[in-house]
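> Mind looking over this structure? Questions follow.
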Amino acid sequence: MEARERAAKLAARRAGQVAVTTWDNTERAAPCRQPRVSGVAGGRAAALSRPSARDESFLKLRTRVSWLSCTREVAGAPEMYRHTVRRLARAQRGVATTPWFRAAGESCVLARFGNRVDTETNERVLARLRALDAAPLQGVVDLVPAYASLAVHYDAAATSREAVEAWVLDAVDVADGGAEARVVELPTVYDGEDLAAAASAAGLESKEAVAAAHAAGDYRVFFLGFTGGFPYLGGLDARLASVPRLETPRQLVPKGSVGIAAGQTGVYTRDTPGGWHLLGRTAAPLFDPARDPPALLRPGDLVRFVETDAAAAPPPPPPPLLPAPRDPVLEVAAGGVQSSLQDLGRVGHARHGVSRSGAADEHALRVANAVVGNAPGTPALEVAAGGFRVKCVAPCAVGLAGADCGGVVQRADGSTVPAPVVATTLLFPGDELRLGPAKDGARAYVSLAGGFDAPVALGSASSDLRAGLGGQTLQTGDVLGRAASVDAPPRVRAARDAHPRSEPPGPATWSVRVLPGPGDPGSDDGGPGVSEKAADALARLVAAGPLVVSPRSDRMAVVAASSTALEGGQQLSEACASGTIQLPPDGNPVILLAEHQTTGGYVVPGVVARADLWKVGQARPGDLFELEATTADAAAAALRELRAATLDVERLVTEDVDLATMALGPNQMGEWEGRE
């Protein structure tokens, strides 16, 4: 069957046709295009045109040429074609078959295969990705390809950088079997509000000329990033490549918008801020979490934008709702500023542009679960800023951790008792758990013995509020259920609490350990110079003095400001790790948090150590970050120590307590506090 399919495709190509896949996964034959191969070498963009497959001299070549790789000279080719092949073959010799490594914190390693955007380098990246997928390493949680690098995210408490690098080096690249690139068509309405501005910047005579130029080519998918399913495409017409980013990004770009900027083109897969010139829109669903894989496109695909008449796009799906729980225990009386269900995040999908999400303060989540006897990654409530209330509808045990919101329980008879942090509190029907304003942090966590019954999307119950994955922010009237029944209450209190419980009169100061960034990928040739420059960049960041947390902070990132001017800028896009400190052109540091984009293109002078990332999740506007340089070994040791503290919580607790006995007193915790 496969041989017949290959023969049919070859016959179609000889007839001037190619097999294409439309966005709804149906296949058909279509005329061959004349795609452009574009790349960046030495900071300069170049565009080359492929001869038409209908050109008789091209069809008579004795050896088949892939104009996506152009890696060998072809006997019998016309001189102009041989010259183009030789040029690209010379460029290929600069591609590394063995990668070099740069650390992005103590939990991420970047294997770099080159320092420019070209197809051959990207094919090396994808070949190594296929090899690593075939032989997974314990402790590795995600693999993320980019233009010229492959990021390996791993748990530094479970494996080491040395083990990860050896694993990557020992892998034998897996070729794609010589299969032709899959061609995916996206029907596009060219009615974008920036068509006229793009025509002016590109030197084209009309909006129609911009649409025709954009729709004329085949675009290679180099990788997915930014948001779920967002494709980074290469092959933009050289004239359109001169269209820059917008001077002022839009606060909201509608889902499905087709845009161009700075030599790139892509499709926004979510309603999100953006700074590209908008040319049109497509109704093709590039990302669907119910699909496996969730992204329509994959690296190595060719994309065609097929111009079509204006047509009504399908209505957006309704926001996900919490299903009716099987074992209801709590009803939301007040949802607060932003409250959601979170676990340790979703892994294995970053290559599709899916953020890990999860708790902004991972340590507090672990502690909250520990004091009720749950597994560390059991879903719990993340409550931003406090102001949250839930009413009990069935007997249950809850645990609080993270920011102290002065929690109290109002009983059915009107009396109140404290609900202390890092401790278990029993609730009975009619009780109401009330959290006031956060006193010493930004986020509180509420766990439930037996765990919350939460919808799972892509292997996680985390609510990714930007991507629309999992549940959404909790609203008054939402009913929360229990995933598993428990026969007895869990442990009573934590033995250790890493969160400082003092209440300073002014902004808090957080001591944060940082490591050097991976260095500029566009100037990295594998030598020691990049590491030296990265160390200098970290030193300048630390010396810039305390960073002040800005109100422009959320679950995606914490924006800060420095009293000393810092030089930011853009660089070749590659994967980002949680805790990455980016410096955009305005020079204000941006520390990536739970819902950060999977890839980015800003300068990276440093990465926050995982053991201190919880502090970033707890910082409030006006708080200060005092940065302290550390090493990868010290950061990994600190992470193991922090995890051990959570295990101590599970060991140093009350045992053999029954619900009936604890229910005798008005404050169940008071009788048992201090027992071991």
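The values are calculated or read from the model by the stated rules, or taken from the named source; none is laboratory data. These figures come from a predicted structure and were not determined experimentally. Note that each Cβ is placed from the backbone with ideal geometry, even for glycine, and that neighbours are counted across all protein chains shown. Each accessible area value is taken on the protein alone, full model and side chains, heavy atoms only, with ligands, DNA and RNA left out. Shrake-Rupley method; radii C 1.70, N 1.55, O 1.52, S 1.80 Å.
> From R482, R513, which residue is at pLDDT 85 or above, basic (K, R) and open to solvent by less than 60 Å² (accessible area, probe 1.4 Å)?
Answer to the check: R482.
> Using the structure shown, decide if A577 is in a helix (DSSP H, G or I) and modelled with pLDDT of 95 or more.
no
> Hey, another quick one. If you take just the strands (runs of 3 or more DSSP E) that sit entirely in the stretch 156-266, which of them hold at least 1 residues that are crowded, with 22+ Cβ neighbours inside 10 Å and on the phi < 0 side of the Ramachandran plot?
In the stretch 156-266, 183-189, 219-224, 231-234, 257-261 are the strands (runs of 3 or more DSSP E) which contain 1 or more residues that are crowded, with 22+ Cβ neighbours inside 10 Å and on the phi < 0 side of the Ramachandran plot.
> Residues G522, G506: which one is over 23 Å from T630 (Cβ atoms) and assigned to a helix (DSSP H, G or I)?
On inspection, the qualifying residue turns out to be G522.
Matching residues to (1) of a type outside the set (V, I, T); (2) open to solvent by less than 20 Å² (accessible area, probe 1.4 Å); (3) farther than 22 Å from F222 by Cβ:
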{"position": "G519", "(1), (2), (3)": "yes, yes, no"}
{"position": "P546", "(1), (2), (3)": "yes, no, yes"}
{"position": "S553", "(1), (2), (3)": "yes, no, yes"}
{"position": "A565", "(1), (2), (3)": "yes, no, yes"}
{"position": "G569", "(1), (2), (3)": "yes, yes, no"}
{"position": "A577", "(1), (2), (3)": "yes, yes, no"}
{"position": "I591", "(1), (2), (3)": "no, yes, yes"}
{"position": "H596", "(1), (2), (3)": "yes, yes, no"}
{"position": "G600", "(1), (2), (3)": "yes, yes, no"}
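> Give all pairs with beta carbons closer than 6 Å in which a residue from the stretch 616-635 that is more than 19 Å from H499 (Cβ to Cβ) and at pLDDT 95 or above meets a residue that is among the charged types (D, E, K, R) and outside any strand (DSSP E or B); count only pairs at least 6 apart in sequence or on separate chains.
Listed by first residue and then by second, the contacts come to A632/E106; A635/E106.
> When both residues are 6+ apart or on different chains and their Cβ atoms are under 8 Å apart, which pairs have a first residue that lies in the stretch 466-485 and is in contact (Cβ under 8 Å) with a residue 60 or more places away in the chain, and a second that is among the charged types (D, E, K, R) and not in a loop (DSSP other than H, G, I, E, B)?
G470/D464; G477/E331; D478/E331; V479/E331; L480/E331
> Can you pull out the residues in the stretch 525-563 that are without any contact (Cβ under 8 Å) to a residue 60 or more places away in the chain, part of a loop (DSSP other than H, G, I, E, B) and within 19 Å of A577 (Cβ to Cβ)?
Passing the criteria: only D554.
Yes or no, residue by residue, for (1) open to solvent by 20 Å² or more (accessible area, probe 1.4 Å); (2) modelled with pLDDT of 90 or more; (3) not in a strand (DSSP E or B):
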residue	(1), (2), (3)
T71	yes, no, yes
A77	no, no, yes
V95	no, no, yes
F101	yes, yes, no
A111	no, yes, no
L137	yes, yes, yes
V141	yes, yes, no
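> Being under 23 Å from G481 (Cβ atoms), at pLDDT below 95 and in contact with a Pro (Cβ under 6 Å, 6 or more places away or on another chain) narrows it down to one residue among N369, N374; which is it?
The match here is N369.
> With respect to the numbered conditions (1) more than 21 Å from Q597 (Cα to Cα); (2) buried (at least 20 other Cβ atoms within 10 Å of the Cβ); (3) modelled with pLDDT of 95 or more, which one is the sole condition not fulfilled by A333?
(2)
> Name, by its number, the condition in (1) of a type in the set (S, T, Y); (2) touching a Leu at 6+ places or on another chain (Cβ under 8 Å); (3) not in a loop (DSSP other than H, G, I, E, B) that does not hold for T473.
All conditions pass for T473, except number (3).
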